[in-house]
Amino acid sequence: MFADDVVDNDPAPDQGPGSDGLKQFFTALRTGFPDVKVEPSTLVADDDNVAIAYTISGTHQSEFNGVAPTGKSISARGVQTASSSAGAAPTSSGSCSSSKRSSRRQGRETRGGA
């Protein structure tokens, strides 16, 4: 799904380079949060660029980035951008910020993040 020479300008901790690094990250994410959902809210594109705003959510059910499973639900909003132009390696950048988990309704002010 990714070009072999893609450059991720905002890699996750310990993420390798290129498409293999992206595949590694998403495999680890799917393992740690098997019920992960990414819900796009906005998508904007032109001939060379794509930007997407989304909400990601899931339950931490297996190890992720060295953190043992907690069983807690997370929700985070994020933005990803990608660009590609003739002769240049495709690039990807993004950011994600966590929001209050559903446990807030139980009186706990905790934060989650993927």
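Conditions (1) more than 23 Å from ALA3 (Cβ to Cβ); (2) modelled with pLDDT of 90 or more; (3) of a type in the set (Asp, Glu), marked per residue:
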| position | (1), (2), (3) |
| --- | --- |
| PRO34 | yes, yes, no |
| LEU43 | no, yes, no |
| THR59 | yes, yes, no |
| ALA68 | yes, yes, no |
| ALA76 | yes, yes, no |
| PRO90 | no, no, no |
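Which of the residues that make up segment 9-63 are surrounded by 16 or more Cβ atoms within 10 Å (Cβ to Cβ), touching a residue at least 60 places away in the same chain (Cβ under 8 Å) and part of a loop (DSSP other than H, G, I, E, B)? Matches in segment 9-63: PHE33, VAL36.
The values are calculated or read from the model by the stated rules, or taken from the named source; none is laboratory data. This one's a predicted model, so the numbers in the text were calculated from it and none came from an experiment. Neighbour counts are summed over all protein chains in view; Cβ atoms, including those assigned to glycine, are modelled from backbone coordinates with ideal geometry.
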